[in-house]
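*Asks:* Mind looking over this structure? Questions follow.
Any read-out appearing in this document is the output of simple, stated calculations on the displayed coordinates, not a laboratory observation. Small disclaimer: the values here were computed from a predicted structure and weren't measured. Note that we place each Cβ from the backbone using ideal geometry, even for glycine, and neighbour counts take in every protein chain shown.
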Amino acid sequence: MAQGIHPIIWFVVLGFVLIGIILTFIRFLFARNFAERMVAVDGGTTITVGLIAILSLIFGRGIYLDVALMYGVLAFVAVVVIARYIEGGF
């Protein structure tokens, strides 16, 4: 665990991340169209990247930051491709 940070702070941070995941899932469920669902999925991937970065700090493993970076880049490319598909750019 990261040095100098009280364990209760980690539980609070992870609790806020969990609340964010739940809210984006609710947004996904009640979306009216495909574009709103994609916004919810993009928000979920952003929260997941943050969660992986937090877990990297908790476990003290720098390789998780690389995983978070690659996941973020792949999620960004996926959202751009889907946005182009929705607009009929292909």
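*Asks:* Check whether at least one residue in the stretch 10-20 is within 28 Å of Arg84 (Cα to Cα) and free of Cβ contacts under 8 Å to residues at least 60 places away in the same chain, and report yes or no.
*Replies:* Looking for residues that are within 28 Å of Arg84 (Cα to Cα) and free of Cβ contacts under 8 Å to residues at least 60 places away in the same chain, one finds at least one in the stretch 10-20, hence yes.
One line per residue, one yes/no per condition, for (1) surrounded by fewer than 16 Cβ atoms within 10 Å (Cβ to Cβ); (2) acidic (Asp, Glu); (3) under 12 Å from the mean Cα position of the chain (by Cα):
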residue: Phe11; (1), (2), (3): yes, no, no
residue: Val41; (1), (2), (3): no, no, yes
residue: Ile47; (1), (2), (3): no, no, yes
residue: Phe59; (1), (2), (3): yes, no, no
residue: Tyr64; (1), (2), (3): no, no, no
residue: Val80; (1), (2), (3): yes, no, no
residue: Tyr85; (1), (2), (3): yes, no, no
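*Asks:* Mind checking which pairs have a first residue in the stretch 31-44 that is under 13 Å from Ala83 (Cα atoms) and a second that is outside any helix (DSSP H, G or I), Cβ under 6 Å, 6 or more apart or different chains?
*Replies:* Pairs found: Arg37/Ala31.
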